[in-house]
Each structure stands twice: as structure tokens, then as C-alpha cells.
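Student: Below: one structure in C-alpha cells.
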Amino acid sequence: MDSEKSESRQLNGIGASAGIAIGQVRITDRRRVAVTEVLVANEEIPGELDRFTRAIERAKGELFALREQLTATHGPEHLCVIDAHLMLLDDTMLVGETTQYIERLGINAEGALKRTLGRFKAFFDGVDDEYLRERGSDVETVVERVLRHMVGQKQEPLDNIEGKVIVVAHDLSPADILQIDKNKVMGFITDLGGKTSHSSILARAFEVPAVVGLERVTAEVREGDTLIIDGATGVVIVNPGAEEFREYLQKKQRYEYVERELLKLRDLPAQTLDGHRMRLKGNVEFIEEVASVHKHGGEGIGLYRTEMLFFNRSKLPTEEEQFEAYSALVKKMAPQPVTIRTLDIGGDKCLTDLDLSDEMNPALGVRAIRLSLRQPEAFKAQLRAILRASAFGEVKLFFPMVSGVAEVRAAKAILDEVKEELRGKHAFDEKVQVGIMIEIPSAVVIADLLAAEVDFFSVGTNDLIQYTLAIDRTNEHLSSLFQPLHPAVLRSLKTIVDAAHNAGIEASICGEMAADPEYLPILLGLGYDELSMNAVSIPRVKKILRRCTVQEAREVARKALSFATAAEADAYLKGEIAARFSESFD
Ligand code: PEP
Ligand code: MG
């Protein structure tokens, strides 16, 4: 655009929050504090301990003040990120280990804190699950805040930005995202971060376009450069030419138009042309996402992943803490239902005082319901908290990674014990519905036996595809083999829903497959009663649903099931979509 500026360049990162933003670069200094570890004399150790304690207290004071300031604009449900950071500042491992390093090794407070961070990082870097790995960045953010206080380095806040800018930073903390004023910050891009980092989740919840994981973008752009960012594809264009500028301006207008049009569907029923209803719900990990479920017309929460409460901490959350979190969510969604999944973590995935051992093959290890059954006290605390939350609205609960009937019976026996303990002490819904995730091939094969034991099935297609096809869902080199339309997957989906309906119970899908509008005709045609997905996908899926008839969908499902390969089924489905719904897929 400006001949003074350098040539147009394209950078590719990870699309973290959809939307196109155009604006001037505003580099925000979020670089790491440089720290050197030095030995200190014995008599200096009390001083170092004191410096550490004071920095922790100042960091807490700063977070409390930020919390206070943000209360006016964000409401308590958005502030739990700050609470999580405050909790980390009280974390026994973070504080205890740093204190010990200072005392035992005789090193300076910064060096000691950096060592503790190193231990946290080593742990998180070794975690397979991308989502949980990203939680390590919360610890880093908190440590950076403390370090800045130790070395007296101020950080420029994001709430006094002028003009229409795209914030460029090495990394942004969730607290930074909460401070963003959407009238001034069009979007943000960072060197670090992944799709599931806490900041990316908040960006999606607040619908701020974002591209993360660009690695060196802070070094590659200059203040005053013009940027176009596409938060869906991860593309960043630096100093676009006139042609690119026009193209993206059109894309942006088109995107915003489609979003506005889709939102008009919000209050229209999720039903087919011939009046068949299919419930569309939202998946959430954080209470912040509830607003987005409401905004996009979700009819409840079909999957609440409770894992996040157990993360970033060395002690398990107490029953009371869990009760607070679950009941807040239930109250916020009432009268619509919330389906709460019991803990789905395993040896590779958490930092808690659960008794977990290292495992060679964690995806096949002690995770999810297997872990809960081995840790009955922790399991009971979670079940008590979920049951108590059921006094505030409709709650359903379900167990992840079920492989057989014995597990279901064992889990339900513990649930019965917990109900007995609660009777007369706490209100709860005696008839709370109990379901299971179907995501392991053995559960598909015995779906008829399992259906006799529970009130509903919810299919986790992410894991079902992983385990059925033996394709690690996190391995980017195998992504082309991760095939939702593989005949084995489609046949499994049919077996599951048929078994559920034969037993008179409902079947839903809460894996990513539910969020792809292309698959809607198949899932509808197979007879699924409910789909649960990230909230922004709900209107897109609803749009296709409202253009189908059940008869048509059954035909599509029947035909899709007849192919020998995923590629054939895919080609067929694409043809059908083009013929029937092309204008809905703009
Ligand atoms: C799934 O496996 O499809 C699912 C919804 O659960 P998660 O992604 O949490 O494993
Ligand atoms: Mg799963």
C-alpha cells in the first residue's frame, strides 16, 4: 500500500480465532524477563527469600486490582482465569520449590524461580495432549509476572491502546485478552501459543480474530506496518498490496455478512424441512464460553469437559471448589441442560496429587473412567459436586472412555453410594440421567449390552476414530488417515445409534465430527438425536439441518455407508452437498 513500506509478505501460523482483521501493527513488549542465576552468600539468603515473597505479594496485588477493574466490564464468570493465576501464586510446588532452591542451593530468587519453572515446563512439554500441554503457558505467564516484580520491569497494559491496531506480541496472557477493547484492538498475533492455549480459547469466546504460533513474528514486523490476519486459516499478510487488500476486505465483509446472517438462525428451531427436531448444543471447557453458547443458539451444553479444573495445580480441586464451578455453570445455563463429563485425564496429562505413574502408552493407559475407578475418593468428590450442582438446573452426567459393562456397573455403584451419603444433607436430582461416552471400539461392539445399563450414549468421534483406525489424533503426519468417513467409522456410528434406539435411549455426538456441517446429513440420516459442538459451529450446522428432510438424509446416510473407502464416501458427499446445499457453504 505504502511505497515506503517493504514488500507484501505472507506468514503462516495457527488460526486460533476465526475472523479477518485489518490494522496497523502495535508491538507490545511481552518479552521474557532475562534472568541470570547467581550464587549468593549465606547471609544474603533471608534477603532473597524476602524478595521472592514480596514479588509474589505484589503480583497478587496486581492481579487483585486487575480483577477489580475487570469486574465492571466482564462479570465474574470471565474472571476465573485471573483466579487460576492467583491460585498458582499460592501453589505449594511453585512457592515451596523456589524457597527450597534459594535455601538449599544458595542461589538468587530469580534463578530459583526460573529453576522451578524449568521443572514445570519439562513436565508440560512431555505431555502428549496439546490442550493440556498449553496449560503450561499459564504457569509461565504467572512466573513472568513475579519475575517482573523482582527485577522492577514494568509491563505496558493493553487497555490504553489508541487507534485501530493489531496487537503483535511474543505471547499474551489470558489477563491480556480480558483487557482488550474490541473497538481498538482488531485482532492479535503472537510468536507462541497453540489453538487450545487459554488465550486462544478466550479469543474465540470473545470473538477476537487471532493467529498464534507464528514463532518469530515480533521480529518480522515493525510498528506502523499494515497487517491482514485471517484467524480461520492462520494467514498473516504484512503490508498487503492493493490487490490483496481488496481481496481480504471483500472476504472480511463476506465473513461478517455470513456471521450476521447465521446469527439470525439463533432463535429458529433446529429442525428439518419436515419438522424433525435435532438438539444442537455447545461443548465447553470454561464458563466463559457459555455466553457464546447462548449467542449461537445452543440448546444447552452437551459436553462439559471438567479436566480444566484439575489442571495447573498440585492439589486436587476440593469437592467445594468443584461444586462452585459446576453449579455456576448450571445456573448460567438453566433452564437448559448441562451434561457434565467426569474426569478424562491420565498419566500423561495432569499435574495433580492423583496417584499417577509414568506409562509407556498413555492413550491406552490409566485414563478417564479407569483412573476414576482406581481413585474412588477423588471420584466420589467429583460425583458429589456434580450431584449437588443438579439442585440448580438440569444436569446429566456421563463417564468417558468406557470399554465394557463392568466399568459402567462399578461407576454406577459408586454413584449410588454417593447419593446415599448426600441424602438428607444436600439437595440433588435423584433422577439425574447417567450416560457414557462411546469412543472405544469394544464399546461399539457391545453397544447393545451397554445400552441396557445407561440413560444415554454420547459418541466421542475424536477418540472413536483414533482407536478404530489406530491413528494418533495428535499426530499431524497422519492427519490424512484420520477419516471420519472410513466405512469402519460409519458402520460404528450406525451400530451405536441403532443399539441406543433399540433400548429406548438417546444417542448424541459430541466429537468434532458433529461440528462439521458436511457430515450433518449423514448423522441426521443415521438417526442421532443430538449434536454437541464448539458454539460458533452451531448456526452453520443448523442452517444445513433446516434445509434437509429426514428422508433425504436417510438416503445420504444409506449411500455413504455403501462405499468401501473413505475417499469414495467423501466424493459422494461432496457431490451431494454441491447439488443440494451449495449456497449454504459459501
Ligand atoms: C472425543 O473423543 O470425541 C471427545 C469428545 O472427547 P475428548 O476430545 O475430550 O477426548
Ligand atoms: Mg474422548
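Student: I need the peptides 64-71, 369-376 ranked by packing, meaning the mean over residues of other C-beta atoms within 10 angstrom, with the highest value on top. Write down the numbers at each step before the final one.
Tutor: Working: 64-71: 14.4, 369-376: 19.2.
By packing density, highest mean first, the sequence is 369-376, 64-71.
Student: Also: How do Tyr255, Tyr326 line up, fewest other C-beta atoms within 10 Å first? Write out the running numbers ahead of the final one.
Tutor: Values: Tyr255 19, Tyr326 26.
Ascending number of Cβ neighbours within 10 Å: Tyr255, Tyr326.
Student: Hey, another quick one. Can you list the HN-Hα couplings for segment 361-375, worked out from phi with the Karplus curve (6.51, -1.76, 1.60; θ = phi - 60°), rounded to whole Hz and with x for Gly and Pro?
Tutor: Per residue, the Karplus-derived 3J(HN,Hα) values read 9, x, 4, 10, x, 7, 10, 6, 4, 4, 5, 4, 5, 8, 10 Hz.
Student: May I pose another question? At Leu268 and Glu162, where each label point lies 7 Å from the Cα along Cα→Cβ, what is the point-to-point distance in nanometres?
Tutor: 4.6
Student: Taking Cα pairs under 8 Å and at least six residues apart, what relative contact order does segment 375-455 come out at, in percent?
Tutor: Numbers: 86 pairs, mean separation 34.1, N = 81.
This gives 42 percent for segment 375-455.
Student: A further question on this structure: Subtract the Cα-Cα distance of Lys331 and Val151 from 0.36 nm times their separation in residues, and report this length gain in nm to one decimal.
Tutor: Values: separation 180, 0.36 × 180 = 64.80 nm, distance 4.34 nm.
Full extension from Lys331 to Val151 adds 60.5 nm.
Student: Would you mind getting the Kirkwood hydrodynamic radius of segment 441-501 from its Cα pairs, rounded to one decimal in Å?
Tutor: On the way: mean 1/r = 0.0825 Å⁻¹.
Result for segment 441-501, one decimal place: 12.1 Å.
Student: In whole Å and largest first, what semi-axes does the C-alpha gyration tensor of segment 328-470 yield when each eigenvalue is scaled by 5 and square-rooted?
Tutor: They are 25, 18, 15 Å, listed from largest to smallest.
Student: What is the dipole size for segment 268-537, taken about its Cα centre, with +1 at each Lys and Arg Cβ and -1 at each Asp and Glu Cβ, in debye to the nearest 20?
Tutor: Working: 27 positive and 39 negative charges, 81 e Å.
Taking the Cα centre of segment 268-537 as origin, the dipole is about 400 debye.
Student: Summarise the long-distance tail of P(r) for segment 268-537 by giving the % of C-alpha pairs beyond 32 Å. Kindly include the intermediate steps, with their values, before the conclusion.
Tutor: Numbers: 6816 of 36315 pairs.
Percentage above 32 Å: 19.
Student: Ordered by residue, what ³J(HN,Hα) values in Hz, to whole numbers, does segment 251-268 give under the Karplus form 6.51 cos²θ - 1.76 cosθ + 1.60, where θ = phi - 60° and Gly and Pro are x?
Tutor: Running phi through 6.51 cos²θ - 1.76 cosθ + 1.60 with θ = phi - 60° gives 4, 5, 5, 5, 4, 5, 5, 4, 4, 4, 5, 5, 5, 5, 6, 2, 9, 7 Hz.
Student: Which value, in debye to the nearest 20, gives the size of the charge dipole of segment 42-151 about its Cα centre, when Lys and Arg are +1 and Asp and Glu are -1 at the Cβ? All intermediate terms of the calculation are to be shown ahead of the outcome.
Tutor: Numbers: 14 positive and 22 negative charges, 48 e Å.
Magnitude of the dipole: close to 220 debye.
Student: Here is a follow-up. Which ³J(HN,Hα) values, rounded to whole Hz and listed in residue order, are derived for segment 460-466 from phi using the Karplus coefficients 6.51, -1.76 and 1.60 in 6.51 cos²θ - 1.76 cosθ + 1.60 with θ = phi - 60°, glycine and proline given as x?
Tutor: Coupling constants for segment 460-466: x, 5, 4, 7, 4, 5, 4 Hz.
Student: Grab the other residues whose beta carbon is less than 13 angstrom from that of Asp267, score K and R as +1, D and E as -1, and report the net.
Tutor: Numbers: positive: Lys264, Arg266, Lys295, Lys542, Arg546; negative: Glu299.
That works out to +4.
Student: So for the pair Asp472, Asp50, with labels modelled 7 Å out along Cα→Cβ, what separation do we get in nm?
Tutor: Rounded to a tenth, the inter-label distance reads 5.1 nm.
Student: Considering amide H positions built from the backbone, and no H for Pro or chain starts, which residues 5 or more places from Glu506, or on another chain, come under 5 Å of its amide H?
Tutor: Phe457
Student: For segment 42-151, what is the Kirkwood estimate of the hydrodynamic radius, computed as the reciprocal of the mean inverse distance between distinct Cα atoms, to one decimal in Å?
Tutor: Working: mean 1/r = 0.0678 Å⁻¹.
The answer is 14.8 Å.
Student: Determine the relative contact order of segment 334-472: mean sequence separation of Cα pairs under 8 Å and six or more apart, normalised by residue count, in whole percent. The partial results should precede the final answer.
Tutor: Numbers: 208 pairs, mean separation 33.1, N = 139.
Computed value for segment 334-472: 24 percent relative contact order.
Student: Further question: For Val445 and Arg580 in the same chain, what is the full-extension length gain: residue separation times 0.36 nm, less their Cα-Cα distance, in nm? Write out the running numbers ahead of the final one.
Tutor: Details: separation 135, 0.36 × 135 = 48.60 nm, distance 3.41 nm.
Additional length available on full extension: 45.2 nm.
Student: Which order, highest average first, do 564-570, 432-438, 171-177 follow once you tally other Cβ atoms within 10 Å for each residue and take the mean per peptide? Intermediate values should be presented prior to the final figure.
Tutor: On the way: 564-570: 15.1, 432-438: 22.7, 171-177: 24.4.
In decreasing order of mean packing, 564-570, 432-438, 171-177 become 171-177, 432-438, 564-570.
Student: Moving to a separate point now. To check you understand DSSP bridge types, tell me what percent of the beta bridges within the chain (both residues inside) are antiparallel, rounded to 5. Let's see the in-between values first.
Tutor: Numbers: 19 of 59 bridges.
Restricted to the chain, the bridges split so that about 30 percent are antiparallel.
Student: Now for a separate question. With each pseudo-label sitting 7 Å past Cα toward Cβ, what's the Arg246-Asp29 distance in nm, one decimal?
Tutor: For the pair Arg246/Asp29, the computed spacing is 4.2 nm.
Student: Tell me the mean residue ellipticity at 222 nm calculated for the chain from its helices only (DSSP H runs of n ≥ 4, each -39500 (n - 2.57), averaged over every residue, nearest 500). Kindly include the intermediate steps, with their values, before the conclusion.
Tutor: Details: 23 runs with 270 residues, N = 586.
Counting only the DSSP helices, I get -14000 deg cm²/dmol.
Student: Give me the net charge for the shell around Asp50: Cβ to Cβ below 14 angstrom, other residues only, Lys and Arg +1, Asp and Glu -1.
Tutor: Working: positive: Arg51, Arg54, Arg58; negative: Glu43, Glu44, Glu48, Glu57, Glu103, Glu110.
Net of charged neighbours comes to -3.
Student: On the first, second and third principal axes, largest extent first, how far apart are the outermost C-alpha atoms of the chain in Å?
Tutor: 77, 68, 44
Only the coordinates and a few stated rules stand behind these numbers; no lab work does. Quick caveat: nothing in here was measured; it's all calculated off a predicted structure. Glycine also receives a Cβ, built like all others from the backbone with ideal geometry; neighbour counts cover every protein chain displayed.
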